[in-house]
Amino acid sequence: RDLKILILTNRVPFPPNSGYPIVVYNTIKGLLQLGLEITLFSINTNKHRVDVDDIYDPVFDSIKFHSFSLDTEVNVWGALFNVFSNQSYNVSRYFDDEAAKLLEDILRENEFDIIQLEGLFLLPYLLSVRKFSKAKIVLRAHNIEHLIWERNSKMAKPGAKKWYLQSLAARMKEFEIYNLNSCDALVPISNIDAAKFVELGCKLPIHTTPVGMSLNGIAESGIGIEPSSLCYIGSMDWLPNREGIEWFLEVVWPKVLASFPDTKFFLAGRNFPDDFPGHSYPNVEIVGEVENSHSFLRSKSMLIVPLFSGSGVRVKIIEAMAEGRPVVSTTVGAEGMNATDNVNILIADTPDAFARQIKRLLKDQEEANRIGENAKGFIAENFDNKKIIQDLLDFYKSILK
């Protein structure tokens with residue numbers, strides 16, 4: 001018989017309009033195509049609230065779906081009191097007794113072969129899962145959470161905020177290491193993360209499953225590209241994104257405009273804060289949330305990814321490369337992809353180097369085409385969703401033996 005899989009997520013992955021939902025969505029889509037029966041249990045958070053009645057998607061229609069509405073917003077008092085506890089506040093916000101009861105009902109009424117936790121924030125539900133199911137439990141690690149907070153704390157200016165971020169990072173690291181071997185298998189998103197988990201003490205069977213792309217729906221490059229146009233896409237309420245873009249606008253963008261004054265920069269993404277400084281820079285257009293990221297990326301000359309903290313893999317880089325768009329990224333931004341500088345991506349970490357790579361692409365269209373075409377080939381070879389999900393299924397069958 002076909003395997004029955006229960007997937008737990010910390011937000012509803014419909015529509016697939018940013019990194020986490022895209023990863024989950026493409027995994028579900030791939031598993032369905034292989035004939036598996038999928039049940040999805042999602043925490044529907046206030047921050048990423050989705051009206052389930054408004055989801056019109058063949059993938060959604062093909063699964064059994066359950067959700068639980070939960071306010072996971074950071075509460076000042078909760079955060080303060082948490083400092084004096086031994087729990088990770090970032091994780092504990094996602095647990096609710098009523099959600100656990102709903103999950104237990106699902107487990108009582110169904111038998112699953114695999115239960116896949118999409119990220120660290122689902123681990124507080126492990127007790128319920130173990131108690132009511134004999135399924136193999138897999139932790140799908142989208143990133144190494146404590147590394148994000150460690151990098152955030154290093155970038156913060158000395159003071160209360162830096163101390164608090166260091167405290168969060170330490171708690172998160174403790175939680176991550178303590179729970180590292182609590183599941184039956186670990187599925188990280190990159191080989192870099194896999195090696196790091198082993199270094200931290202993971203003894204579980206490990207299988208790297210990168211972000212898969214359904215490549216048959218991707219259009220040919222070179223269609224309707226706005227000349228001399230840079231773009232970025234990402235949620236601005238995520239600290240690493242905002243810090244990277246503010247760095248870019250302040251120290252890189254003026255250098256680009258000095259040589260190419262007609263260049264435009266298009267910023268897309270959710271939750272731009274009121275005090276976001278983008279409007280005070282020339283030739284910058286804040287697009288906000290876009291309905292179709294592929295169309296947006298397809299219409300611009302290049303994608304820039306100025307990230308200095310974070311972990312895991314940047315889905316938008318994979319999307320842009322799949323569209324044949326050249327990408328200029330920092331080392332951290334391109335981490336975990338195994339892309340090659342000067343072949344299928346351009347890497348730069350200082351203002352001068354970052355500006356120089358952008359100007360190189362603006363000046364030489366042949367060079368931009370070369371990088372873009374190489375990028376497209378690289379994605380087809382390494383990130384084909386069908387192959388990636390087949391490999392994941394083979395791994396699941398091996399741990400069920």
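The values are calculated or read from the model by the stated rules, or taken from the named source; none is laboratory data. Owing to the predicted nature of the structure, the values given are computational and were not obtained by experimental measurement. Every residue, glycine among them, receives a Cβ derived from its backbone with ideal geometry; neighbour counts consider all protein chains shown. Note: areas computed on protein heavy atoms with side chains; ligands, DNA, RNA excluded. Shrake-Rupley method; radii C 1.70, N 1.55, O 1.52, S 1.80 Å.
On the stretch given as segment 253-281, residues that are surrounded by fewer than 11 Cβ atoms within 10 Å (Cβ to Cβ) and outside any helix (DSSP H, G or I) total 5. Residues that are open to solvent by 40 Å² or more (accessible area, probe 1.4 Å), modelled with pLDDT of 90 or more and more than 27 Å from Asn292 (Cβ to Cβ): does segment 56-67 have at least one? Yes: segment 56-67 contains one or more residues that are open to solvent by 40 Å² or more (accessible area, probe 1.4 Å), modelled with pLDDT of 90 or more and more than 27 Å from Asn292 (Cβ to Cβ).
From the residues in segment 265-292 that are in contact with a Pro (Cβ under 9 Å, 6 or more places away or on another chain) and not polar (S, T, N, Q), which one is nearest to Arg314 (Cα to Cα)?
In the first step, residues of segment 265-292 are kept if they are in contact with a Pro (Cβ under 9 Å, 6 or more places away or on another chain); the result is 281-283, 291.
From what's left, not polar (S, T, N, Q): 281-282, 291.
On the way: Tyr281: 26, Pro282: 27, Glu291: 19 Å.
In this case the residue turns out to be Glu291.
Helices (runs of 4 or more DSSP H) fully within segment 135-215 that include at least 1 residues being surrounded by 21 or more Cβ atoms within 10 Å (Cβ to Cβ) and over 20 Å from the mean Cα position of the chain (by Cα): 160-178. The C-beta contact set for segment 172-196 (first residue closer than 10 Å to Ile206 by Cα, second residue aromatic (Phe, Trp, Tyr), distance under 9 angstrom, 6+ apart or interchain) comprises Ala185/Phe395; Ala185/Tyr396; Leu186/Phe197; Val187/Phe395; Pro188/Phe197. Of the residues making up segment 53-68, those that are closer than 13 Å to Pro13 by Cα and touching a strand residue (DSSP E or B) at 6+ places or on another chain (Cβ under 7 Å) number 4.
Can you give me the number of residues within segment 360-371 that are out of contact with any strand residue (DSSP E or B) (no Cβ under 7 Å at 6 or more places or on another chain) and either under 15 Å from Asp341 (Cβ atoms) or of a type in the set (Asp, Glu) (or both)? Residues flagged as out of contact with any strand residue (DSSP E or B) (no Cβ under 7 Å at 6 or more places or on another chain) and either under 15 Å from Asp341 (Cβ atoms) or of a type in the set (Asp, Glu) (or both) within segment 360-371 amount to 5. Can you tell me which residue is farthest from Ile7 (Cα to Cα) among those in segment 109-132 that are touching a Phe, Trp or Tyr at 6+ places or on another chain (Cβ under 6 Å) and open to solvent by 10 Å² or more (accessible area, probe 1.4 Å)? The qualifying residue farthest from Ile7 (Cα to Cα) is Pro124. Within segment 1-24, the set of residues being farther than 22 Å from Met236 by Cβ, open to solvent by 10 Å² or more (accessible area, probe 1.4 Å) and touching a residue at least 24 places away in the same chain (Cβ under 8 Å) comprises Asp2, Leu3, Lys4. Of the residues making up segment 106-151, those that are of a type in the set (Asp, Glu) and touching a helix residue (DSSP H, G or I) at 6+ places or on another chain (Cβ under 9 Å) are Asp113, Glu118, Glu145, Glu150. Set side by side, the residues Gly333, Gly324, Gly372 differ, and just one is crowded, with 20+ Cβ neighbours inside 10 Å, at positive phi and small (Gly, Ala, Ser), which is Gly324.
Out of Gln390, Gln357, one residue alone is touching a residue at least 24 places away in the same chain (Cβ under 8 Å), open to solvent by 10 Å² or more (accessible area, probe 1.4 Å), in contact with a strand residue (DSSP E or B) (Cβ under 7 Å, 6 or more places away or on another chain) and not hydrophobic (A, V, I, L, M, F, W, C). It is Gln357.
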